[in-house]
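Read-outs throughout are calculated quantities, based only on the coordinates presented, and are distinct from any laboratory measurement. If you're wondering where the values come from, they're calculated on a predicted model, not measured in any experiment. Cβ: placed from backbone, ideal geometry, glycine included. Neighbour counts: every protein chain shown.
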Amino acid sequence: MFTSSNRKARIVAAGAIFAALAASALLLIFGKTQYLVLINERTGVVLYEVKAPDGTEFSIEFIHSVNKSPVKEYYIVADGRIYLTAVRYESFGAGIPSELEDGQTMRLEDGTMLITGYDRHIPRLCYFISRTEGHALDIGAVKIMLDTLDAPGEPILFTIKARLPR
């Protein structure tokens, strides 16, 4: 037989369990943080990660494999996805944009050409670490040389992952 104090204790315990479950659910829904995660696509090993909420901008610098001049591609994180926004380069050549698409503009800036207005979702952003010095990720105030993360020739997949903070 249940006494009123037993019944009270069961109600309090059930309430506490419900409150804990509700708090956990809210944390899972609203407590996730987005990260830019660099993964060796061949091995699946996580090489680097950094917080990257929507609005985070980053760029990738490299020496173009054909015309051997510097290229910088600019990206933004929006809606948990990666978008190309602009490209900067020093000279025209094979593999370098030479015509503008609708909504794009080109201007000469500090001796380089800057094309803006891409706003292009990149569902799979992957770079092979260059054998030429200078392949780098710039994000915030941090610049990371990709060849310090893994060996030249290895494929690095850039992706956005949402998860609870570690």
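Distance between the modelled labels on GLN34 and SER69, one decimal in nanometres: 3.3 nm (7 Å Cα→Cβ projection). Taken along the Cα-to-beta-carbon direction at a fixed 7 Å, the label points for ASP110 and ALA151 span 3.5 nm.
Exposure proxy for HIS121, HIS64: other Cβ atoms within 10 Å of each Cβ, ordered fewest to most, give HIS121, HIS64. Between the beta carbons of ARG42 and ALA141, assuming R0 = 35 Å, the FRET efficiency works out to 0.70 to the nearest 0.05.
Segment 33-163 has equivalent-ellipsoid semi-axes of 24, 19, 12 Å, by the square roots of 5 times the alpha carbon gyration tensor eigenvalues, sorted largest first.
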